[in-house]
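Heads up, the thing below is written out as structure tokens.
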Amino acid sequence: IPHVVGIKVDFKHPVVVQQCLDLIRKSIDKTPLKAPLWLNADVWKGPGGNAPRFAARSFIAQCRKTVPEASLSLGWTTSLFQAQGYSAVHVSQALSDLYHGPAAVLKPNPMASPPGGGRAKETAMVTFAVRAMLASRSPVQMTRLISAAPRGWKHSLTVWGEAGPAERKWYTGSDVKRYAFIDTKPPGKGALVARVTSFNF
């Protein structure tokens, strides 16, 4: 089975976002993308996490305006010292910022040509970056994230961080592996264990 290689741009500070997006835009205009491109940032406060550096709606809007070909990879700030998983409040905030709130950025059925008519077709993928330990403790909310994709959009999970037997049992289950990218490591190990599972919508 051939491996699909993509590019993930992991933003750590909002001050660099627009400049980086502009550079990506210039590069794509010169040489169209031939591989998936993900734009990633932790834009929401999650279990035990600090306040995020990014304003969620602003980051999402910047990415969609400048590089609509890219998929959004959005996550929460978290802590290993938090015993609880992702709550209904965490998920509701994300979906509100994306689709449902008065200032929501994305709209259902976005597959039409971008304003101006010139650029390549927009992608319609959002992958939610979730810490394995916390996601495995909140399976109902993970299912909610996946099933909440409105018309024209697709959702997936990117499961990251340390994963022991309990976490692996969760993400290798048939209900998860269809829509999850796995990027985990064993507890206490420095070496990264990367596993990408197939997913269908």
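The values are calculated or read from the model by the stated rules, or taken from the named source; none is laboratory data. Fair warning: this is a prediction, and the values are worked out from it, not measured in the lab. Because the Cβ atoms are built from the backbone with ideal geometry, glycine has one as well, and the counts that use them run over all protein chains shown. Areas reflect the complete protein model, heavy atoms only, side chains present, ligands, DNA and RNA absent. Shrake-Rupley method; radii C 1.70, N 1.55, O 1.52, S 1.80 Å.
Okay, here's what the table says:
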{"quantity": "Hits in segment 128-143 (condition: within 18 Å of Gln93 (Cα to Cα) and either crowded, with 21+ Cβ neighbours inside 10 Å or in contact with a Ser or Thr (Cβ under 9 Å, 6 or more places away or on another chain) (or both))", "calculated": "Phe128, Ala129, Val130, Arg131, Leu134, Ala135, Ser138, Gln141, Met142"}
{"quantity": "Segment 172-186 residues that are among the aliphatic types (A, V, I, L, M), paired with ones that are not in a strand (DSSP E or B) (beta carbon under 7 Å, 6 or more apart)", "calculated": "Val176/Trp170; Ala180/Tyr171; Ala180/Thr197; Ala180/Phe199; Ile182/Tyr171; Ile182/Thr197"}
{"quantity": "Test: Pro114 is over 14 Å from the mean Cα position of the chain (by Cα), farther than 25 Å from Lys12 by Cβ, open to solvent by less than 30 Å² (accessible area, probe 1.4 Å) and at pLDDT below 95", "calculated": "yes"}
{"quantity": "Selection within segment 120-170 - over 30 Å from Asp29 (Cα atoms) and acidic (Asp, Glu)", "calculated": "Glu162, Glu167"}
